[in-house]
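Peer 1: This is the structure I want to talk about, given as structure tokens.
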Amino acid sequence: MDNHRIRRRVLAVVAVVIFALSPESHAVVQILPEVLLTVDGRAVHDHASVVSDPTVQEILAAFGRAESAVQKEDLEPLLQFYAKGYNYHGLKPVDVRRIWGEVFTHYRDLSSTHLFSEVKVFRSGPQLRAEITCTGGLYGTEDKGGTRITLDSWFREVHYLVHEDGAWRFLGNAGAAPSTAPFTSSPHHPLF
């Protein structure tokens with residue numbers, strides 16, 4: 001692995017850790033400088049071109065709306081981010097509602113980070129889809145005890161999105177479900 005890639009990964013991890021330790025609520029959805037955008041097989045490497053791409057702008061807006069809902073602890077707008085066919089290891093939209101409800105009940109000062117390193121946009125039959133490689137996390141302060149904790153984190157996980165009813169919606173993630181939870185993990189998996 002070259003020094004450039006190592007430096008990029010270290011910076012991504014450092015950014016996630018810094019945001020995790022901050023007690024203030026915030027949301028960061030960012031396209032990393034080295035991002036690769038692929039649209040129907042055509043690669044775009046120039047960061048300015050990637051960030052200004054209309055589809056990327058729509059995807060960023062969808063994440064922005066979801067992040068705003070998290071900041072406000074507003075369940076209904078947040079659930080609009082999830083596709084009708086959302087499925088993450090058997091968890092469906094009804095499970096998402098329950099889990100986010102639990103998160104909003106037990107935690108405050110929620111903050112999150114989404115660092116996009118790769119965006120692929122393509123057609124699958126009549127549907128427009130996206131695969132986004134993302135590093136980030138969701139953090140909150142426990143209502144009982146006031147301890148700041150990591151509720152969920154991910155490293156280079158692929159988020160699947162689908163363009164549905166005129167907006168980009170979260171369809172699920174790639175990767176295997178963990179068979180055991182780490183000692184420090186929360187009982188919630190916010191699916192975000």
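Peer 1: Counting only residues 5 or more places away or on other chains, whose amide H sits under 5 Å from the amide H of residue 107 once H atoms are built in the peptide plane?
Peer 2: 143
Peer 1: Once phi is turned into θ = phi - 60°, what whole-Hz ³J(HN,Hα) does the Karplus curve with 6.51, -1.76 and 1.60 give for every residue of the range 84-97, x standing for Gly and Pro?
Peer 2: Per-residue couplings from phi come out as 4, x, 3, 7, 10, 6, x, 7, 10, x, 5, 5, 4, 4 Hz.
Peer 1: Something else about it: Would you mind ranking 76, 118 by Cβ crowding within 10 Å, fewest neighbours first?
Peer 2: Listing 76, 118 from fewest to most nearby Cβ atoms yields 76, 118.
Peer 1: Something else: What list of ³J(HN,Hα) couplings, whole Hz, do you get for the range 54-64 from phi and the Karplus terms 6.51, -1.76, 1.60, once you set θ to phi - 60° and write x for glycine and proline?
Peer 2: Along the range 54-64, the couplings run x, 5, 4, 4, 5, 5, 4, 5, 5, 5, x Hz.
Peer 1: Given H placed 1.01 Å from N in the peptide plane, which residues other than close sequence neighbours of residue 156 have an amide H under 5 Å from its amide H?
Peer 2: Result for residue 156 returns 134, 135, 136.
Peer 1: Then there's this: Checking the a/c ratio against 1.5 first, then a/b against b/c, what shape does the Cα gyration tensor give for the range 3-173? Intermediate values should be presented prior to the final figure.
Peer 2: Details: a/c = 2.10, a/b = 1.23, b/c = 1.71.
Taking the square roots of the gyration eigenvalues as a ≥ b ≥ c, the range 3-173 is oblate.
Peer 1: In addition: Quick one: 123, 65, fewest Cβ neighbours within 10 Å first, how do they rank? It would help to have the intermediate numbers written out before the result.
Peer 2: Values: 123 10, 65 16.
Lowest count first: 123, 65.
Peer 1: If I take every Cα pair under 8 Å that is 6 or more residues apart in the range 3-173, average their sequence separation and divide by the length, what percent do I get for the relative contact order? Don't skip to the end; give the middle numbers.
Peer 2: On the way: 306 pairs, mean separation 42.7, N = 171.
Computed over the range 3-173, the figure is 25 percent.
Peer 1: Sticking with this structure for a sec: Lys pairs in the range 38-176, Cα-Cα under 25 Å, at least 8 apart or on separate chains: how many?
Peer 2: Close lysine pairs under the 25 Å cut-off: 6.
Peer 1: Same structure, new question: Provide the FRET efficiency to the nearest 0.05 for the residue 42-residue 65 pair, computing r from the beta carbons and using R0 = 25 Å.
Peer 2: Result of the calculation: an efficiency of 0.35.
Peer 1: Among 128, 110, rank each residue by its count of other Cβ atoms within 10 Å, from fewest to most, as a rough exposure measure.
Peer 2: The fewest-first ordering by Cβ neighbours comes to 128, 110.
Peer 1: Tabulate in residue order the Karplus-calculated ³J(HN,Hα) for the range 157-174, using 6.51 cos²θ - 1.76 cosθ + 1.60 with θ = phi - 60°, rounded to whole Hz; enter x for Gly and Pro.
Peer 2: With coefficients 6.51, -1.76 and 1.60, one gets 7, 9, 8, 9, 10, 9, 8, 9, 6, x, 8, 7, 10, 7, 9, x, 10, 8 Hz.
Every number in this text was worked out from the coordinates using simple rules, so none of it is lab data. Bear in mind that the values here come from a model prediction, so they are computed numbers and not experimental data. Note: ideal-geometry Cβ built from the backbone for every residue, glycine included; neighbour counts use all protein chains shown.
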